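Notes follow once the structure below has been shown.
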Amino acid sequence: MSRNLERNGRITCMTFPRDWLRRDLSVIGFGLIGWMGPSSVPAINGNSLTGLFFSSIGQELAHFPTPPPVTSQFWLWLVTWHLGLFIVLTFGQIGFKGRTEDYFEK
């Protein structure tokens, strides 16, 4: 059973690790590089996902005070690009931390 202590009106758990996220900047850097490579391959009618996303940003900034309409391709490229990035970062975090903590050796 975990011991809880009350300090300044707060109850804290003594067994919960303070650095529960265990973030590492190398995972973010390698994950971004790891996503920029595949997303820059011209696979969508001769264009890359990154190129389509960045060009749609430029098109929407051309009429800046007006927000992008719901039917704009910008939203599709935004969601697709970021979803891929977050998937790569999540698997990178799992793989990197699993390897450094010998999780896969068990």
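The values are calculated or read from the model by the stated rules, or taken from the named source; none is laboratory data. Remember, predicted model here, so these are calculated numbers, not experimental data. Quick note on the areas: whole protein, heavy atoms, side chains included, nothing else; ligands and nucleic acids left out. Shrake-Rupley method; radii C 1.70, N 1.55, O 1.52, S 1.80 Å.
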Solvent-accessible area per residue for the range 18-101 (1.4 angstrom probe, square angstrom) | 72
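Of all the accessible heavy-atom surface of the range 18-101, with the other protein chains kept in place and a 1.4 Å probe, what percent is carbon and sulfur? Present the calculation step by step, with values, prior to reporting the outcome.
Details: 4270 of 6030 Å².
The value for the range 18-101 is 71 percent carbon and sulfur by accessible area.
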